[in-house]
Amino acid sequence: MDQFGIKIEAEDPSGAAMRKKKTALSGREREKDFLLPGFVESSPIPAFVIGSNHLVTHWNRALEALSGIAASDVIGTDQHWRAFYSTQRPCMADILVDGSVGKLRKWYRNKYRKSTLIEDAYEATDFFPDLEGGGRWLRFTAALIRDTEGKPAGAVETLEDITERKLAEDALRESEQRLFSVID
């Protein structure tokens, strides 16, 4: 066995089989380098990824469309907050990267909850007045990304524009209140 746990064939004195297996392994390792960027970029769900240093590593086209901010303007910076807030403050992903889950209460009050599906993930719904059209309602989820040793390596945050649904719910509520007023 070599350092990669690959069985070395005794009848292959040239080492061709071992080189072939190592090449396949290194190909898979290279492929992993493209999986996260490819997944984030091809997703129709607005999303960004930050590293443990809070710098943006990925900002997809769906988020460009939602925020009006080009990926080239935020990748490599800690300016992801600009898409959602008028003054600098942490996004949910920042709080998770810092391991400061207690701060969720300060920044998101009663608007957040722990994910029932994913460990180290939280969800919230909030109104963002600085987004186009007089503001947008967003449902967002942030999840911690851990390295191979289990240490925080970054976080991914996904967003869903639920403005139309919220407006429909509000209109239904108002309609029901008018109906109850007429009945009374």
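The values are calculated or read from the model by the stated rules, or taken from the named source; none is laboratory data. Not measured: the values here are computed from a predicted model. Here the Cβ is made from the backbone with ideal geometry for all residues, glycine too, and neighbour counts use every protein chain on show. Protein only, heavy atoms only, side chains kept; ligands, DNA and RNA dropped before computing areas. Shrake-Rupley method; radii C 1.70, N 1.55, O 1.52, S 1.80 Å.
So the values come out like this:
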read-out: Among residues of segment 118-127, those that are under 13 Å from CYS91 (Cβ atoms) and buried (at least 19 other Cβ atoms within 10 Å of the Cβ), counted; value: 1
read-out: Subset of segment 130-159 [acidic (Asp, Glu) and free of Cβ contacts under 8 Å to residues at least 12 places away in the same chain]; value: ASP147, GLU149
read-out: Cβ-Cβ under 9 Å pairs, at least 6 apart or on other chains, segment 160-171 side within 15 Å of GLU132 (Cα to Cα) and open to solvent by 80 Å² or more (accessible area, probe 1.4 Å), far side among the hydrophobic types (A, V, I, L, M, F, W, C) and modelled with pLDDT of 80 or more; value: GLU160/ILE45; GLU160/LEU138; GLU160/PHE140; GLU164/TRP137
read-out: Residue match in segment 91-98 (condition: part of a strand (DSSP E or B) and either over 15 Å from the mean Cα position of the chain (by Cα) or among the hydrophobic types (A, V, I, L, M, F, W, C) (or both)); value: no
read-out: Meets criteria (closer than 26 Å to LEU55 by Cβ, at pLDDT below 90 and not charged (D, E, K, R)) for LEU131; value: yes
read-out: Answer from PHE4, PHE34, PHE84, PHE39 - the residue that is modelled with pLDDT under 60, out of contact with any helix residue (DSSP H, G or I) (no Cβ under 7 Å at 6 or more places or on another chain) and among the aromatic types (Phe, Trp, Tyr); value: PHE34
read-out: Tabulated pairs, segment 107-122, first on the phi > 0 side of the Ramachandran plot, second open to solvent by less than 70 Å² (accessible area, probe 1.4 Å), C-beta under 6 angstrom, 6+ apart or interchain; value: ASP120/LEU144
read-out: Qualifying positions in segment 131-159 - out of contact with any strand residue (DSSP E or B) (no Cβ under 9 Å at 6 or more places or on another chain) and open to solvent by less than 50 Å² (accessible area, probe 1.4 Å); value: GLY150
read-out: Segment 90-102 - residue that is open to solvent by less than 40 Å² (accessible area, probe 1.4 Å) and at pLDDT 95 or above and, of those, nearest to SER52 (Cα to Cα); value: VAL97
read-out: Any hit, segment 65-77, residues being among the small types (Gly, Ala, Ser), at pLDDT 95 or above and part of a loop (DSSP other than H, G, I, E, B); value: yes
